[in-house]
Amino acid sequence: MSGSRLDWRWYRLRFRVPLETAAGSLRTRRGILLSVVTADGLVGLGDIAPWPGTEDRALPEAADWLAALRAVAEEGEEALRQALERVAAVTPGARAARAALETALLDLGAQRVGVPLAFWLRSSARPSVPVNALIGIADPEHTVEAARAAVAAGFRTLKLKVRIAASEVERVAAVRRAVGPAVQLRLDANASATVAAALAFARAVAPLGIEYLEQPVGSLEELAALRRESPVPLAADEALAGPDELERALVSKAADILIAKLPLVGSVERLLDLAERCERAGIAVVVTSTLESAVGLAAALHVAAALPGSGQRAHGLATAGLVESLGRERMLQPTDGYLVLPPGPGLGLDRTKVLAGEEVG
């Protein structure tokens, strides 16, 4: 083989326990695992994991985008790298595919020099990052039980899925009483409320010491209006559907924190460049999982480790235990509230076992 080979296969993961959110219940997750195999036998991996619930449309878009590049791969890695800039990726599925292909090519580059991907991306990368525990919507008793278990496991930041309702305030208060003042609490409402309702909720939970309230309203414009009056810092997530929205959020300062998901941004390097601009503007960036395979989770971890700044803010990457295995690595399970970079070069995964869909680690 004189050039490279671009391959991909579809996957479906089941949640071990349905994840309850304000936007509904998540039970399955579908994506596409891609690989770039080089003439000298290296394998670069990427994961196409669009926003959960959009797979019916986004995954065929991704497959079409990849099919247009299959012949380019035969010309070699450099031809694929050039195609990343030349071939437009304007739909959500194509952006997710672009991010996955760029990840695979970066994985190859880091393997060639024998370093973890994070340090290939930025020499200032960190070997581990703090992560938050994710707790779905449940009754107060079960929420408190989950919160205590997370803290006992070493997490210092908890992210609670919430509904914007007066009844939820007591559930949040029960968690605060259970875990004490030193644990950070994040609340994620999944774009479920009006500005007026979100403001009332923010005022009610503010005395409980909330790190931030994530996407309580739908649009960036609504977030900006809410931010002017909210006593609680706000994070943008669902409103950041692509790189253009991320740019608008940065310029307009619609939120205090931007939640960055690699498949939505469409580029590892663009995400890192954006994070550097956010750092200068005083806006934080939190990298989160899209509930993907081990490949996508490892890629997000390496990006989070390469972000600028002190790295003390927790990222939303403690999701390996939520879905069934597809090459899940035990090394991607948090220890004392931290994820440590896999020790091998590139993504650090066992590529043979990942491609076979086996449990590894």
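The values are calculated or read from the model by the stated rules, or taken from the named source; none is laboratory data. Predicted, not measured: the structure shown is a model, and the values here were computed from it. Cβ sites come from the backbone with ideal geometry, for glycine too, and all protein chains shown count toward neighbours. Note: accessible area is taken over every heavy atom of the protein model, side chains too, but ligands, DNA and RNA are not part of it. Shrake-Rupley method; radii C 1.70, N 1.55, O 1.52, S 1.80 Å.
Couplings 3J(HN,Hα) for the range 218-223, derived from phi with the Karplus relation 6.51 cos²θ - 1.76 cosθ + 1.60 (θ = phi - 60°), are x, 10, 5, 5, 5, 4 Hz, where x marks Gly and Pro. Solvent exposure of residue 338, expressed as accessible area, is near 90 Å², computed with a probe of 1.4 Å over the protein chains only. Calculation over all alpha carbon pairs of the range 209-302 in 5 angstrom steps from 0 returns a P(r) of 3, 14, 26, 25, 17, 10, 4, 1, 0 percent. Applying Stokes-Einstein at 10 °C and 1.306 mPa s to the Kirkwood radius of the range 250-343, computed over alpha-carbon pairs, gives a translational diffusion coefficient of 115 µm² s⁻¹. Comparing 180, 337, 24 in a Gaussian network model of the chain, where Cα atoms under 10 Å apart are tied by springs, the biggest mean-square fluctuation is seen for 180.
Quick one: Kirkwood hydrodynamic radius for the range 23-157, alpha-carbon pairs, angstrom, one decimal?
Mean inverse Cα-Cα distance, inverted, gives 17.6 Å.
Heavy-atom accessible area for residue 12, with the other protein chains in place and a 1.4 Å probe, reaches approximately 140 Å².
Each semi-axis of the equivalent ellipsoid for the range 134-288 is √(5λ) with λ an eigenvalue of the Cα gyration tensor; in descending order they amount to 27, 18, 13 Å.
Taking only the Cα atoms of the range 255-298, the radius of gyration and Dmax are 11.0, 33 Å. Considering only 235, 62, 149, the mean-square fluctuation computed in a Gaussian network model of the chain, springs between alpha carbons under 10 angstrom, is largest for 149. For the pair the range 52-117 and the range 154-209, the centres of their Cα atoms are 38 angstrom apart. Residues in the range 170-175 carry Karplus couplings, in order, of 5, 4, 5, 4, 5, 5 Hz; the curve used is 6.51 cos²θ - 1.76 cosθ + 1.60 with θ = phi - 60°, and Gly or Pro positions show x. Please report, to one decimal in angstroms, the Kirkwood hydrodynamic radius of the range 1-89 built from all distinct Cα-Cα pairs. One decimal place: 14.6 Å for the Kirkwood radius. Cα-Cα pairs above 22 Å in the range 193-352: how many percent? Looking at the range 193-352, the distances longer than 22 Å represent 45 percent of pairs.
Histogrammed with a bin width of 5 Å, the alpha carbon distances of the range 59-117 distribute as 4, 19, 28, 23, 15, 8, 3 percent, first bin at zero. Would you calculate, for the chain, the mean residue ellipticity at 222 nm contributed by helices, counting each DSSP H stretch of 4 or more residues as -39,500 (n - 2.57) and dividing by all residues, to the nearest 500? Helix-only estimate at 222 nm: -12000 deg cm²/dmol. Shape summary of the chain, radius of gyration then Dmax from alpha carbon positions: 19.8, 64 Å. Within the assembled protein chains, the solvent-accessible surface assigned to residue 161 is about 20 Å², based on a 1.4 Å probe. Build a GNM of the chain with springs between Cα atoms under 10 Å apart, and of 133, 58, 153 the one that fluctuates most is 153. In terms of Cα atoms, the Rg and Dmax of the range 87-144 work out to 18.1, 51 Å.
Entry for the range 103-226 at q = 0.09, 0.17 Å⁻¹: log10 I(q)/I(0) = -0.37, -0.83, Debye formula applied to identical alpha-carbon scatterers, no solvent contribution. The residues of the chain expose on average 39 square angstrom of accessible surface per residue, using a 1.4 Å probe on protein heavy atoms.
The simple spin-label model puts a point 7 Å past each Cα toward its Cβ; for residue 229 and residue 248 those points are separated by 2.2 nm.
Can you pull the percent of the chain's accessible area that's carbon plus sulfur, 1.4 Å probe, other chains left in place? In the chain, the share of accessible area belonging to carbon and sulfur is 52 percent. Residue-wise HN-Hα couplings along the range 58-69, as the Karplus relation 6.51 cos²θ - 1.76 cosθ + 1.60 with θ = phi - 60° gives them from phi, are 6, 5, x, 4, 5, 5, 5, 5, 5, 4, 5, 10 Hz; Gly and Pro carry x.
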